[in-house]
Amino acid sequence: MSASEEKFYRPRITQRVDLSPTLWTFRIRPDGAFTFVPGQYATLGVETDKKRWERPYSIVSAPFENEIEFFLELVPEGDLTPLLYQLQLGDELLMRKVAKGRFTLDVESGPTHHLLICTVTGVAPFVSYLRTLRRQWDEGRFRGEHKLFLLNGASRSWEFGYHDELIRYVQEVPWFQYLPTISRPWEDPGWTGETGRVDDIIRKYVDRWNLRTNNAIAYLCGHPEMIEHSKGILKRVGFRQEFVREEFYWVPPKAPPQSS
């Protein structure tokens, strides 16, 4: 067995759903054991004639599911998403055999309220949290002692890849609240919900839900600019740094130094 084969599975795509010209979900079935905790990521890859391209992607599915689900956004100038975007049902890709990441739901530190803030594909780890807790709720292994509050931002409503599923959870369990918001309502005239960037409405809903460091942990996932803005807002409303967790989906390039 080659070193590459020791580290990678070669799963095939079992399902693909295109949500827009740049957003899609897909499922794969690993050809071996793959264990993870909700909030972790898998490293996916594609081999070309020139090299192997790899990148970590948050897992949408829950550990009890027999397939692994991902929610991706096409980055035209990216190295990997254009290659992944080309893959259709039955096509093969690479996945490292070990999941990684520490962006998991913290049920040990004391606070029992969890403020989840994300943009577009940043909802992925939060859906994994919710699917897992919902299964535990149905089985009587979770009594609702932890409550989740999700602020989900996007430009337009069709970018909410899991909107229907999240609305269903709101209707069916007492421990979850969900607030989607769009930042370009003029491009989505049928939308009747909240508007504004997700970081613009944090203060409003933190106050409405009475969330503070003494009772809540905040989790930020998605666009790095949103994360930086949100951290500043949370600090101003009293969240201490140790109760703010973050997961960047890409690292912005450093600005070139200014010449004097």
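The values are calculated or read from the model by the stated rules, or taken from the named source; none is laboratory data. Everything quoted here is computed from the prediction, not taken from an experiment. Here the Cβ positions follow ideal geometry from the backbone for every residue, glycine too, while neighbour counts run over all protein chains shown.
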Failed item, numbered, when Trp186 is tested on (1) farther than 27 Å from Phe26 by Cβ; (2) exposed (fewer than 14 other Cβ atoms within 10 Å of the Cβ); (3) under 19 Å from the mean Cα position of the chain (by Cα): (3)
Take the residues in the stretch 168-205 that are of a type in the set (Val, Ile, Thr) and in contact with a strand residue (DSSP E or B) (Cβ under 7 Å, 6 or more places away or on another chain), then tell me which one is nearest to Ser61 (Cα to Cα). Val170
In the stretch 75-101, what residues are hydrophobic (A, V, I, L, M, F, W, C), within 19 Å of Asp49 (Cα to Cα) and part of a loop (DSSP other than H, G, I, E, B)? Leu80, Leu87, Leu93
Could you identify the single residue in Glu69, Glu47, Glu77 that is among the acidic types (Asp, Glu) and closer than 30 Å to Val244 by Cβ? Glu69
Selection status of Ser109, of a type outside the set (Phe, Trp, Tyr), modelled with pLDDT under 95 and not in a strand (DSSP E or B): yes
On the given criteria, is Val60 assigned by TED's automatic domain parsing to the domain that holds Leu148 and modelled with pLDDT of 95 or more? no
Number of the exception - Arg168 against (1) at pLDDT 95 or above; (2) closer than 24 Å to Pro111 by Cα; (3) over 14 Å from the mean Cα position of the chain (by Cα): (2)
Condition met for Thr213 (surrounded by 14 or more Cβ atoms within 10 Å (Cβ to Cβ) and under 20 Å from Leu130 (Cβ atoms)): no
